[in-house]
Every structure is written in C-alpha cells, then in structure tokens.
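Encoded as structure tokens, the structure appears first; notes follow it.
Every number in this text was worked out from the coordinates using simple rules, so none of it is lab data. It should be emphasised that the depicted structure is a prediction, and the values quoted were computed from it without experimental measurement. Every residue, glycine among them, receives a Cβ derived from its backbone with ideal geometry; neighbour counts consider all protein chains shown.
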Amino acid sequence: MGAERQILSESVQLIVSFCDQIVACFENCRNTGENALIVDQKEPVTLVGGGTVAPGDLEFALSLAPFLVAADSGADRAFVAGYEPQVVIGDLDSISNVVRNQLAPNKIFEVAEQDSTDFHKALRHIKAPVVLAVGFLGARVDHQLAAFNTLVQVLDSPCIVLGEYEIIFHIPPRINLPTCDGDIVSLFPMGAVTGRSTGLKWPIEGLQMSPMGRIGTSNIATGPMSLTPDGPGLLGILPRYLLPQLIPLISQARPWSRSAALP
C-alpha cells in the first residue's frame, strides 16, 4: 500500500503541475494586451522570425544580443539552429506543433489580432536597448516589405534587421556612423522626408525623398558620416560589418517622438 500511495501522490503532483502550466498559458494569452510588455530587458535582444536564417546568423546575433525571442514560427528556426527561445510571441498560426510541444506554456504569448504582422506584434511587446532581428528577409517579398514598414513604426525599442550582406534600421533624428571610405550606404524613404548628411559622396541636403520619387540607394561613404533627417521614415542600409558598432549608437540615439510618426 505504501508504494501505491507514493505512486498516487507523484501522479497527483504531476497532474497539478501540468494544470498550473496550462493555466499559466491561458493567463499569458488572456493578459497579452495590445501593447503590454512581455519582454523587458536591460541588454540587447535577438528576435528570430520565420524567414530565411543563413547558417551562423543566429549565433552571430546571439553573441551580441543573448536574450532570444521568437516571432511565431521563428521558434522553429531557432530549434533548427540549436537554440530554444526564452519567449515566443505571435498569433501562433505558423509555429509547428512539434516545437510548441517542447516549449513550456509560460513561454508562449498569443497576440491574436490580425491587423499586424508577427514581427510587429513581437516588437510591440519588447522593451530593450536594441532588438536584432534575424529571419525577416529572404523567402517572401511581401514579408520583407512588411518588415520595412514595421521598422518605421513608433516602437519602444530600436530595431536592426540583419541581412546576408547589409543591416537595415530606421534612422533616428541624428546619428554619427563609423563608415569607411568606399562603403556603400543606401537610404530608402518610406514616406516623404528630407535631411542633411556629411561624409557622403552625394549629400542628401536639398533632396525631397519619397518612395514614389527620389530615393537614396547606392550612395558611397567618403569616411565617417552623419545623418540628420528632418522627420521619421528614412531607412538606413549599411554594410553588415558595422553591426557591432551600430548597436550602441542606435541604442543611445534620441528616438522619434510619437507626435512625429508617419501618417
């Protein structure tokens, strides 16, 4: 009888523990408001998405931003690369059951609304000095365009998207960049924007840039450079080797105010 009681007691404990995890999962889903913080970190965060993740990219990002968050099926990409995300955020329509079943329920946060992408959902619920985004380029072009749109939204944390050869970010009101002579620098407007620059072969002062007019791709740095847009909406595209230097610069830069957001 003693052994049977012990087995029964252990079984009850397992059932209670499982139920507690299920309750925690439901609480996560129920309490995830539109802009409620899920991740609040003092150090940079890596966010992995379900797009193309080149070999070594996730490892590289985690060496600079070790706290790993996945946007929905980005959890699958993380597991393939040998990493388990600390948090998964999204509408959960693309994460595989195999991966989901390996994650503790209290790591999964469902944001059910369908008016934004999983990239936007995740960034909206993260607060960190900077977010390094991996797996949001390649594969589908519409997903890439949506990612660029997300970058210029008003967010609590600046974000840098890691590509195969470049890094992409929303240029703040002013930033000095440690570019070298000959570096390719591209500026792409997501709305009407003007600004000033130093250290570019073709300065942007006096240019009226817009997605349906003048753009600023394939410029060339003549050395260290500075950018001062007059408003939000200008994406910067720089060589990938600059990522470690860009992280502290972008995290310390003054952000755009909500009143300056694109219409």
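Is there a quick way to get the dipole size of the range 32-164? I mean about its Cα centre, with the Cβ of Lys and Arg at +1 and of Asp and Glu at -1; what is the value in debye to the nearest 20?
Values: 8 positive and 17 negative charges, 44 e Å.
About 220 debye.
Suppose each label sits 7 Å from its Cα in the direction of the beta carbon; what would the E205-D230 distance come out to in nanometres?
According to this spin-label approximation, the distance is 1.3 nm.
Helix by helix, which DSSP H runs in the chain go 24 Å or more along their axis at the Cα atoms and have an average Kyte-Doolittle hydropathy of -0.5 or more? Working shown, then result.
Working: long enough: 2-31 (43 Å, 0.24).
Flagged H segments are 2-31.
So in the chain, what percent of DSSP beta bridges are antiparallel if you round to the nearest 5? Please report the intermediate quantities before stating the final value.
On the way: 24 of 44 bridges.
The antiparallel proportion sits near 55 percent.
So for the range 167-242, what percent of the C-alpha to C-alpha distances run longer than 19 Å? Display every interim value, and only then the final one.
Numbers: 624 of 2850 pairs.
Percentage above 19 Å: 22.
Positive end of the charge dipole of the chain (Lys, Arg +1 and Asp, Glu -1 on Cβ, about the Cα centre): tell me which of P85, G216, S116 has its Cα farthest that way.
My answer, from the dipole projection, is G216.
Suppose we keep just the alpha-carbon trace of the chain; what are its Rg and Dmax in angstrom?
Expressed in Å, the Cα Rg and Dmax of the chain come to 21.3, 88.
Please report the antiparallel percentage of DSSP beta bridges with both residues in the range 147-232, rounded to the nearest 5. Write down the numbers at each step before the final one.
Values: 15 of 16 bridges.
Once the DSSP bridges in the range 147-232 are tallied, antiparallel ones form about 95 percent.
Mean residue ellipticity at 222 nm from the helices of the chain, using -39,500 (n - 2.57) per DSSP H segment of n ≥ 4 over the full residue count, to the nearest 500 deg cm²/dmol?
Helices in the chain give a 222 nm mean residue ellipticity of -9000 deg cm²/dmol.
Can you give the longest run of the chain that contains no trypsin sites (Lys or Arg not before Pro) sitting in a DSSP loop with at most 16 other Cβ atoms inside 10 Å?
By the stated rule (loop sites, at most 16 other Cβ atoms within 10 Å), 43-139.
Using a 10 angstrom Cβ neighbour count of at most 16 plus a DSSP loop assignment to flag exposed GluC sites (Glu not before Pro), which longest range of the chain is free of such sites? Working shown, then result.
On the way: sites that count: E34, E113, E164, E205.
Value returned for the longest uninterrupted segment is 35-112.
Taking amide H positions as placed in the peptide plane 1.01 Å from N, state which residues far from L200 in sequence (5 or more) or on other chains have amide H under 5 Å from it.
T222
Could you derive backbone 3J(HN,Hα) for the range 235-241 from the dihedral phi with the Karplus parameters 6.51, -1.76 and 1.60 (θ = phi - 60°), listing whole Hz in sequence and x where the residue is Gly or Pro?
These are the phi-based 3J(HN,Hα) values: 8, x, 10, 10, x, 4, 5 Hz.
Determine the dipole magnitude for the chain: charges of +1 sit on the beta-carbon of Lys and Arg, -1 on that of Asp and Glu, nothing else is charged, the reference point is the Cα centre, and the result goes in debye to the nearest 20. Don't jump to the answer; show the numbers that get you there.
Working: 17 positive and 26 negative charges, 156 e Å.
With Lys and Arg at +1 and Asp and Glu at -1, about 740 debye.
Along the Cα→Cβ direction, 7 angstrom out, place labels at N176 and S94. What is the inter-label distance in nm?
Output for this residue pair reads 4.0 nm.
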